[in-house]
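Let me begin by presenting the structure, written as structure tokens, before commenting on it.
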Amino acid sequence: MTNRQESIKKHKHSLKTKSRFRLSFINENRFNEVWTIKFTRTEIVIATLLLVSALSCLVATIILLSPIRTLLPGYLKEDQRQENIVNSMKIDSLTTRVNINNAYISNLESIFASTADSVIADVVPAQNAPLSPDSLLPASENERQFVRRFEEEERFNLNVLSPIAADGISFYPPVSNATEIQTESPSTFSITLAAPPESTISAIYAGTVIDSYTTLKGGNTIIIQHPNGFVSKYSGVKAPFVEQGDKVEKGSVIGVTSPKDPSAESSVTFELWNKGAALNPREYIAF
């Protein structure tokens, strides 16, 4: 009897089953099961891992295929990040200008509101009295033509945005130890520099050489595209060191001036453009 009890105790848990779980959906009106799902512990772990993996894949797909990816730190390239910074600075500048204009208009409204009666009485002349020279006469034909010509010239003038695009950019002098040649009618859109023979000509900023050709006068011209829409042009290069398509860094040598008589001086003409608008190089580079 004792041996039998010990045998029963020894094999008591041999028929133990695995723990199972059940998810049931019950119709509360009829109190019957509509849908039942049975799980084991292993199946619950596998189902949880599959659900997490599916959600991760969904989030990754949304990030990669939508503009949300641009919000991730370190995702944007250097030129895109710099463009965003420039756009933010433009928006801040425009906001500041709008606030200044609104304050100016408010001040004018306050002045006109407080002195409207006196201003009208002073401006309106008597019916039969002759107009004084200081009266508000209608604009003449010459004045209207001048206004139309001025508006046409300034309509597509992009120079006002160039200083904003140049914020944060430090340009390198194109020719070291050079002096500006003063002409009788100097152009504000180009500058002619006199330098000793075989002086080095450097790129004012990093960029790509978009053109390099020989002129009829025997010299060479190099044109470089820089970030933010800037383009620099170097004319009078005797020996160019770069070709079209080459990448250059700020201050890298792109050529030398004419190796003539050491007592003479060589000249290099430099131009600076921004998005198709010619700029005054003196306002952006210290020569």
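Which residue pairs have Cβ atoms under 7 Å apart, sit 6 or more places apart or on different chains, and have a first residue in segment 255-280 that is at pLDDT below 70 and a second that is open to solvent by less than 40 Å² (accessible area, probe 1.4 Å)?
Final answer for the pair search is K260/P197; K260/S266; P262/P197; A264/P197; E265/A194; E265/A195.
Please indicate, with yes or no, whether at least one residue in segment 26-39 is modelled with pLDDT of 80 or more, open to solvent by 70 Å² or more (accessible area, probe 1.4 Å) and within 30 Å of G229 (Cα to Cα).
no
If we scan segment 206-219, do we find a residue that is touching a Leu at 6+ places or on another chain (Cβ under 8 Å) and not acidic (D, E)?
Scanning segment 206-219 turns up no residue that is touching a Leu at 6+ places or on another chain (Cβ under 8 Å) and not acidic (D, E).
Are any residues in segment 197-215 touching a residue at least 24 places away in the same chain (Cβ under 8 Å), of a type in the set (S, T, N, Q) and outside any strand (DSSP E or B), and if so, which ones?
The one that is touching a residue at least 24 places away in the same chain (Cβ under 8 Å), of a type in the set (S, T, N, Q) and outside any strand (DSSP E or B): S199.
For (1) under 22 Å from E83 (Cβ atoms); (2) of a type in the set (S, T, N, Q); (3) surrounded by 15 or more Cβ atoms within 10 Å (Cβ to Cβ), each residue gets a yes or a no:
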{"position": "T215", "(1), (2), (3)": "no, yes, no"}
{"position": "I222", "(1), (2), (3)": "no, no, yes"}
{"position": "P227", "(1), (2), (3)": "yes, no, yes"}
{"position": "G236", "(1), (2), (3)": "no, no, yes"}
{"position": "V253", "(1), (2), (3)": "no, no, no"}
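Pick from I68, I85, I91, I62: which is closer than 30 Å to P227 by Cβ, open to solvent by 70 Å² or more (accessible area, probe 1.4 Å) and at pLDDT 80 or above?
The conditions single out I91.
Filtering segment 163-196 down to residues that are within 17 Å of N274 (Cβ to Cβ) and in a strand (DSSP E or B), which residue is modelled with the highest pLDDT?
I191
The values are calculated or read from the model by the stated rules, or taken from the named source; none is laboratory data. Every value quoted in this text rests on a predicted model; they were computed, and no experiment measured them. Heads up, the Cβs are rebuilt from the backbone with ideal geometry, glycines too, and the neighbour counts pull from every protein chain shown. Note: accessible area is taken over every heavy atom of the protein model, side chains too, but ligands, DNA and RNA are not part of it. Shrake-Rupley method; radii C 1.70, N 1.55, O 1.52, S 1.80 Å.
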